[in-house]
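Trainee: Provided herewith is a single structure, encoded as structure tokens, for subsequent inquiry.
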């Protein structure tokens, strides 16, 4: 499972380095696919109702519908290609690196035996902290939406660390909250998506 967790971590970090909204949407889809692969590798029984809902949540909702829905909104708004998710300065990158170190120390403290369990907690913690960092440093609607969805995926990855599916009512509630959140985010993006763009992104969009 180590390679899957590394893939999830890369999908968390790369969008912060590549200032393009398409990259962030692809990364959200990759995170969903990676979590689905983790579920299948655990060997959880897909014949249970909760297992089916979980797989649909990961494979259909998080891997495809979430990025596709946001892509359609951004395309309709003719969004500029560039979209920074962290301020481009040394302080922001230092803080992001420090949060990564804290996350991995936390994983080692929670799972002193090490191995996949420690890496699982470390990666989920890193995704959570970096998502919070995006929310704390960005004022643009799309960046905040992506930050919130990154946090949602980090929480979902934490839940997978238990090695078992949630009870069906709880799983339905988790999936329902994600659907309602996505629809709410979409409504905000349609109303405010162009109003809070950064000057650089707006200039690029006008120059195309």
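The values are calculated or read from the model by the stated rules, or taken from the named source; none is laboratory data. Everything quoted here is computed from the prediction, not taken from an experiment. Virtual Cβ from ideal backbone geometry, glycine too; neighbours counted across all protein chains shown.
Trainee: Can you pull out the helices (runs of 4 or more DSSP H) entirely within segment 1-118 that have at least 3 residues that are out of contact with any strand residue (DSSP E or B) (no Cβ under 9 Å at 6 or more places or on another chain) and more than 25 Å from residue 181 (Cα to Cα)?
Mentor: 2-17, 21-42, 90-110
Trainee: A further question follows. Any residue in segment 126-134 that is more than 30 Å from residue 77 (Cα to Cα), touching a residue at least 40 places away in the same chain (Cβ under 8 Å) and assigned to a helix (DSSP H, G or I)?
Mentor: There is at least one residue in segment 126-134 that is more than 30 Å from residue 77 (Cα to Cα), touching a residue at least 40 places away in the same chain (Cβ under 8 Å) and assigned to a helix (DSSP H, G or I).
Trainee: Conditions: (1) at pLDDT 90 or above; (2) buried (at least 19 other Cβ atoms within 10 Å of the Cβ). Residue 172 meets all but one. Number of the miss?
Mentor: So residue 172 meets the others, but not (2).
Trainee: Would it be correct to say that residue 26 is out of contact with any helix residue (DSSP H, G or I) (no Cβ under 8 Å at 6 or more places or on another chain), at pLDDT 90 or above and surrounded by fewer than 21 Cβ atoms within 10 Å (Cβ to Cβ)?
Mentor: Here the answer is no, as residue 26 does not meet what is asked.
Trainee: If you check every pair at least six apart or on different chains, which have Cβ atoms under 8 Å apart with a residue in segment 169-189 that is within 16 Å of residue 151 (Cβ to Cβ) first and a residue that is modelled with pLDDT under 95 and not in a helix (DSSP H, G or I) second?
Mentor: 174/166
Trainee: Does segment 89-108 hold any residues that are more than 12 Å from residue 127 (Cα to Cα) and touching a residue at least 40 places away in the same chain (Cβ under 8 Å), and which are they?
Mentor: Residue satisfying the conditions is 92 alone.
Trainee: Okay, next question. Check off (1) closer than 25 Å to residue 5 by Cβ; (2) assigned to a helix (DSSP H, G or I); (3) touching a helix residue (DSSP H, G or I) at 6+ places or on another chain (Cβ under 6 Å); (4) modelled with pLDDT under 95 for residue 153 and give me the number that stays unchecked.
Mentor: (4)
Trainee: Being in contact (Cβ under 8 Å) with a residue 60 or more places away in the chain and within 24 Å of residue 117 (Cα to Cα) is the filter here; which residues of segment 54-85 pass it?
Mentor: 54, 57, 58, 62
Trainee: For segment 122-135, does any single residue satisfy the condition of being at pLDDT below 95, over 19 Å from the mean Cα position of the chain (by Cα) and surrounded by fewer than 20 Cβ atoms within 10 Å (Cβ to Cβ)?
Mentor: Within segment 122-135, none of the residues are at pLDDT below 95, over 19 Å from the mean Cα position of the chain (by Cα) and surrounded by fewer than 20 Cβ atoms within 10 Å (Cβ to Cβ).
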